[in-house]
Amino acid sequence: MLKLTLTILLFTSGAYAVVCSMMYALQRSLIYFPTPEVQTDEAQAFRLFNEGLSLKVWATAKTSDKALIYFGGNNEDVSTNISKYRDLFPNHTVYLHNYRGYGGSEGKPTEEGLFADALALYDHIAERHGFINVIGRSLGTGVAVYLASERKVENLALVTPYDSITNVAAGQYPYLPVRRLLKDRFDSHARAGLLSANTLLLIAANDELIPTGHSEKLAEALNPDHTRVITIDGVDHNSICESPSYDRELFTFFTTGEKPEPVDS
């Protein structure tokens, strides 16, 4: 009986070790889902060169000194948002960034790489615009928070945000040592105190991918004097962008120039 018990324990331990090893080796394929390159007449594409890579960025026509940078989700073709943001913000030049490995950009996505590319894109745009706003969506909220902690961003909108990818993954895989395995952590919570931009959080009440608790934890870490949190009822992680409330809140936030109301206590 003892021998059988030891055999079962060894088998279970071995199987667990194999699962952990597979998780470690394949983790980035569980975070990033690169999209293929597409063509569209909705905006002009230009090439941004950073760290030896050619990155494809969509840009609408320049209409003023204001720029709006958009960082999308982990499996999002950002070109599908061109017409929405161009029409919502006609007084901005809208830049939609294809992450490395996405949409015609070279390379493979990593946290370090996406952060470096965000800084390079900002610096390129800052040479042409004196006023820069940023929208981050899902995975892109981590990129947007990092950028706003390192560069001057006037207004920052975070759509379906998280406190950290590590915390989200730990909730999805509670029986794995996720906190020790993850390479790309996207810890927005740790950077929240570094933000000075007016900040809007748009949370999907029925978000099935990023539970609202993770968004709320990030909100609690932000400065309430320049933060506003809106939870949109009846929408999930993907359908939030189809809500009229989504367009209305973003339009108001980026066009009035008013200081956001504090987070509700």
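Odds and ends about this structure:
- Ranked order, LYS183, LYS56 - accessible area, probe 1.4 Å, largest first: LYS183, LYS56
- GluC sites (Glu not before Pro) restricted to DSSP loop in region 111-166 with at most 13 other C-beta within 10 Å: GLU127
- Of the solvent-accessible surface of the chain, computed with a 1.4 Å probe and all protein chains present, 54% belongs to carbon and sulfur.
- Calculated FRET efficiency for the pair ASP41/VAL18, C-beta based, R₀ 41 Å, to 0.05: 0.25
- For region 14-120, the spread of Cα positions along each principal axis, largest first, Å: 61, 27, 23
- Looking at region 93-142, the pairs of alpha carbons with a distance over 18 Å make up 31% of the total.
- Measure of compaction for region 80-121 (Cα Rg per 2.2 N^0.38 Å): 1.36
- Using the alpha carbons alone, the radius of gyration of region 55-197 stands to its Kirkwood radius in an Rg to Rh ratio of 0.98.
- If you model region 55-106 as an ellipsoid using its alpha carbon gyration tensor, with each semi-axis the square root of five times an eigenvalue, the axes come out at 20, 11, 8 Å, biggest first.
- Summing charges over neighbours of LEU182, with a neighbour being any other residue whose Cβ is under 12 Å away from its Cβ, gives +2 when K and R count +1 and D and E count -1.
- Only Cα pairs under 8 Å and 6+ residues apart enter the sum, and on that basis the relative contact order of region 148-224 stands at 45 percent.
- log₁₀ of I(q)/I(0) at q = 0.11 Å⁻¹ - the chain, Debye sum with one point per alpha carbon: -0.60
- Ranking ASP225, ASP163 by solvent-accessible area of protein heavy atoms (1.4 Å probe, all protein chains present), from largest to smallest, gives ASP225, ASP163.
- Within a Gaussian network of the chain (alpha carbon springs, distance under 10 Å), most fluctuating of LEU119, LEU250, LEU26: LEU26
- Of LYS56/LYS84; LYS152/LYS217; LYS66/LYS108, pairs whose Cα-Cα distance is over 28 Å: LYS66/LYS108
- Computed with a 1.4 Å probe over protein heavy atoms only, the accessible surface of the chain comes to 48 Å² per residue.
- Within the chain, antiparallel bridges make up roughly 30 percent of the DSSP beta bridges whose residues both belong there.
- Dimensionless Rg ratio for region 215-256, taking C-alpha atoms and the 2.2 N^0.38 Å reference: 1.28
- Between amide H atoms placed 1.01 Å from N, distances below 5 Å from GLY104 occur with GLU37, all of them 5 or more places distant or on a separate chain.
- Residues with amide H under 5 Å from that of ILE69, placed H, sequence gap 5 or more: TYR95, ASN133, VAL134, ILE135
- Three-way shape label, region 143-233, alpha-carbon gyration tensor, a/c 1.5: oblate
The values are calculated or read from the model by the stated rules, or taken from the named source; none is laboratory data. Please read these numbers as outputs of a predicted model, since none were measured by experiment. All Cβ positions, glycine included, derive from the backbone under ideal geometry; neighbour counts span all protein chains shown. For accessibility, only protein heavy atoms count, side chains too; no ligands or nucleic acids. Shrake-Rupley method; radii C 1.70, N 1.55, O 1.52, S 1.80 Å.
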